[in-house]
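First comes the structure, then the notes that go with it.
Each reported figure results from applying straightforward, stated rules to the coordinates on display, with no laboratory input. Source: prediction; values computed, not measured. A quick note on method: Cβ atoms are made from the backbone with ideal geometry, for glycine too, and the neighbour counts reach across all protein chains shown.
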Amino acid sequence: MGPPSAAFRGDRPVSEWAFPPIALLDIDDDLIAVGADLEPATLLEAYCTGYFPMPVGGRRIGWFSPDPRGILPLDGLRVSRSLRRSMRRYRMTVNQAFDEVIRACGDPRRPNGWIDRRVIQAYTQLHHLGWAHSIEVWEDDTLVGGLYGVAIGGLFAGESMFHRRTDASKAALVHLVEQLGSERPGTLLDVQWRTPHLASLGVVELSRQAYAARLARAIELPAAPAFAPPDRS
């Protein structure tokens, strides 16, 4: 295998790294492969095929395809009365402080942190190219929460979120759903795993094969306006 090529498929750069179709995998483990790189073309190819990266064993990059996979149906988001009250204190924006959001998500003091310098650099580059996006939550002029992820067509692959005030990360998720639009059939909001916290917000699970089918349809859809891909015309 070689480095990413300069070719494009539609508006996406094409990587020379090949990822096996997840619908054909017969592997119980969520970790499918190790290696490759974090170049923009590699990351986009991975997400379009159903994988996402996380560092494993120090310097190595692992490629994950959980089975089952956690997704949030846009019409299934649960917003409690307490969350609605909290949101009145906050102001939400899109792509106004990506660098600050990803650094907060990668704070080494966070337990079980996995976002290292390589990940921050890779997704910051992807943001500058128009593929990675952030939601920011502000209290007055102070950043108190947010999330970031990758948008390709109708897919938004959530990567990480953080909060410094009560419900600030949940408020970011609510704003993300509003930007994606529950009236857009086929949109896929991927959250990787269904944790108890995410389950309380409405996250459900799909089998790897069901996720693959949903993904194939989602990436062919037009992107939500807030997450439109770069214009190469």
To test your reading of the geometry: what angle, between 0 and 90 degrees and rounded to tens, separates the Cα axis of helix 40-49 from the longest principal axis of the chain? 90 degrees
Distance in nm between pseudo-label sites at residue 100 and residue 216 (7 Å out along the Cβ direction from Cα): 4.3 nm
What trypsin sites (Lys or Arg not before Pro) does region 52-143 have in DSSP loop regions with at most 16 other beta carbons within 10 Å? 59, 78, 88, 89, 109
Dipole moment magnitude, nearest 20 debye, the chain about Cα centre, only Lys, Arg, Asp, Glu C-beta charged: 720 debye
Over region 52-185, what relative contact order in percent results from Cα pairs under 8 Å that are six or more residues apart? 23 percent
In Å, what Rg and Dmax follow from the Cα atoms of region 39-109? 16.8, 44
Please give the direction-averaged projected area of the C-alpha convex hull for region 8-67, in square nanometres with one decimal. 4.2 nm²
Show that you can apply the helix-only estimate: for the chain, add -39,500 (n - 2.57) for every DSSP H stretch of four or more residues, divide by all residues, and state [θ] at 222 nm to the nearest 500. -8000 deg cm²/dmol
If exposed GluC sites (Glu not before Pro) are those in a DSSP loop with at most 14 other Cβ within 10 Å, what is the longest stretch of the chain that has none? 1-182
I need the fraction of alpha carbon pairs in region 86-216 separated by more than 26 Å, rounded to a whole percent. 20 percent
Of all C-alpha pairs within the chain, those more than 30 angstrom apart amount in percent to 20 percent
Which trypsin sites (Lys or Arg not before Pro) does region 180-233 hold that lie in a coil by DSSP with at most 14 other beta carbons within 10 Å? 232
Helix 117-128: inclination vs the chain longest Cα principal axis, degrees, rounded to 10, gives 80 degrees
What share of Cα pairs, in percent, lie more than 19 angstrom apart in region 173-233? 40 percent
Compute the projected area of the convex hull of the Cα atoms of region 1-126, averaged over all viewing directions, and report it in nm² to one decimal place. 10.9 nm²
